[in-house]
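To start, the structure under review is shown below, and the notes come after it.
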Amino acid sequence: MSETFDVIVIGAGPGGYVCAIRAAQLGLKVACVEKRETLGGTCLNIGCIPSKALLHSSEVFEETSHHLAEQGIIVGQVGLDLAKMQARKGEVVGANVKGVEFLFKKNKVTWLKGEGKITAPGTVNVAGTDYAAKHIVIATGSESTPLKGVEVDETRIVTSTGGLDLAEVPKTMVVIGAGVIGLELGSVWRRLGAEVTVIEYLDGILPGMDGEIRKQFERLLTKQGFKFRLKSKVTSAVADATGVTLKVEPAAGGDAEELRADVVLLAIGRRPYVTALGLDAVGVALDERGRVKTDAQFATNIPGIYAIGDAITGAMLAHKAEDEGYALAEMLVGQKPHINYDAIPGVVYTWPEVAAVGATEEALKAAGTAYKVGKFPFTANGRARAMGATDGFVKILADKATDKVLGAHIIGPDAGTLIAEIALAIEFGASAEDVARTSHAHPSLNEAVKEAALAAWDKAVHI
Ligand code: NAI
């Protein structure tokens, strides 16, 4: 055994690196195994961070191309230097991954470079060397779910990885799956000039989100130029030298139709990435969807082996993985942290943004919970008017009897930032009245949250 650690975390994504740093802060001797050349996992390298860089740049491009004249700003011909935009994205990623490396050094976390394999309880093999650990944490994340008949080459038929790296703007793009990745990356390429068609198996976009928000979002994206083919499935996609030929059928069955696209983005979900870890041999149990089975303390069925993040049950979100990594490190030193899964927000970083936390109306109805709804549109918010960003609304759900906030759903400008207030309200067990009576700066978008809370508790003032 070459070296012994208190904790070896496998995977340096947001779940793994946060777990490693927190464990080191708490006095443990920690190593983190990562096979990629850089730290930060999918999120920092090929996920959240590069996509947000491109979402930002493409948003500025679209705004400058089409929406400045209405504010009296005259610009000349707007051009696109995609290579430069991609290079900037690379710099953003570089700064972030270097930041994690710096944090590892600062906290004395050892980076074991290479692919980690659990060869026995308490032993991790990395690039041919065995390391011992009292605790092993699986934080290996997820990978894009494949689809039969659609062979990904990351050039013409891409997952989110290739979809972030296109060297030219496709004239036509077909996106398979109207989920978060499809709508975010579809937005990037549509803004830069692609004609985007989204093929979705179900009868609406963003399944699982609030019904009213989904409908309004679909309308707004359609107005922006997105084409949606709902209740449809792709049965094959074949790339050739000039593009891709797809076969699309009604989800319920029926005649197939052929479509052509320059690029196809496959975004039908992600699945846990745990296959190369040697879990079979050590007997770590997986569930029916290939996720590592854990208890509420993230322990697997094998003593000393834990799992967090996308590799286990729950929403596949970087911040959920971070919260779990942080909590697990504390549990390993005997602390008793708690994660409130009802207070974990989800955000779609499109324009407008979509954000949610807590229960949907559909879920409350299904559970038979008596609830109240407070809604406030951005058309009635002064700041949104000043910004020319009046599409959307805030919807707050509160318990009918106690007024306790149960959920919030926002579509509109900066929804992803606005939702944080309601996440905090839910975390603190606040009532709609508590939110409504909290002073909100004027003029701010946050006032729409206050007004929705007022509407849920009693009556909004500004509508
Ligand atoms: P998703 O689960 O969000 O959406 C997949 C969509 O594909 C669903 O609408 C589903 O009905 C549809 N679908 C499934 N099979 C299909 C088929 N054969 N044909 C047509 N449609 C089909 O998955 P997505 O967008 O790939 O994202 C993966 C994960 O990454 C999600 O858990 C998401 O939350 C996470 N993510 C989060 C982001 C954020 O927080 N902003 C950004 C990007 C990803």
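Each reported figure results from applying straightforward, stated rules to the coordinates on display, with no laboratory input. All of these numbers come straight from a predicted model, not from anything done at the bench. Cβ atoms come from the backbone with ideal geometry, glycine included; neighbour counts cover every protein chain shown.
Points to keep in mind about this one:
- Three-way shape call for segment 157-268 based on the alpha-carbon gyration tensor, with the a/c threshold at 1.5: oblate
- Lys223/Leu80 FRET efficiency (R0 30 Å; Cβ-Cβ; nearest 0.05): 0.85
- Cβ-to-Cβ counts within 10 Å put Asp414, Asp130 in ascending order as Asp130, Asp414, the fewest first.
- Per-residue ellipticity at 222 nm, computed for the chain from helices alone with -39500 (n - 2.57) per DSSP H run of at least four residues, works out to -10000 deg cm²/dmol.
- Estimated distance in nm for a label pair at Ala296 and His67, the labels positioned 7 Å out from Cα along Cα-to-Cβ: 4.5 nm
- Potential extension, Leu230-Glu3 segment - 0.36 nm per residue separation minus Cα distance: 76.3 nm
- Pair Tyr201, Lys400: separation of 7 Å Cα→Cβ label points (nm): 3.5 nm
- Each Lys or Arg adds one and each Asp or Glu takes one away; over the other residues whose Cβ falls under 13 Å from the Cβ of His409, this sums to -1.
- Counted by neighbouring Cβ atoms within 10 Å, the residues Ser65, Ser58 run from fewest to most as Ser65, Ser58.
- Dimensionless Rg ratio for segment 52-165, taking C-alpha atoms and the 2.2 N^0.38 Å reference: 1.64
- Helix runs (DSSP H) in the chain reaching 27 Å along axis by Cα, Kyte-Doolittle at least -1.0: 82-106
- Segments 90-98, 38-46, 228-236 sorted - mean Cβ within 10 Å per residue, highest first: 38-46, 228-236, 90-98
- Taking a Cβ cut-off of under 11 Å around Val461, the surrounding Lys, Arg, Asp and Glu residues balance to a net charge of -1, with basic ones at +1 and acidic ones at -1.
- The GluC sites (Glu not before Pro) found in segment 1-56 that occupy coil by DSSP, while having at most 14 further C-beta atoms within 10 Å, are Glu37.
- Neighbourhood charge, 12 Å Cβ-Cβ cut-off, centred on Met331 and excluding it, Lys, Arg +1 and Asp, Glu -1: -1
- Here the Kirkwood formula, the inverse mean of 1/r across different C-alpha pairs, assigns the chain a hydrodynamic radius of 23.8 Å.
- By the beta-carbon count within 10 Å of each Cβ, the least crowded to most crowded order of His135, His409, fewest first, is His135, His409.
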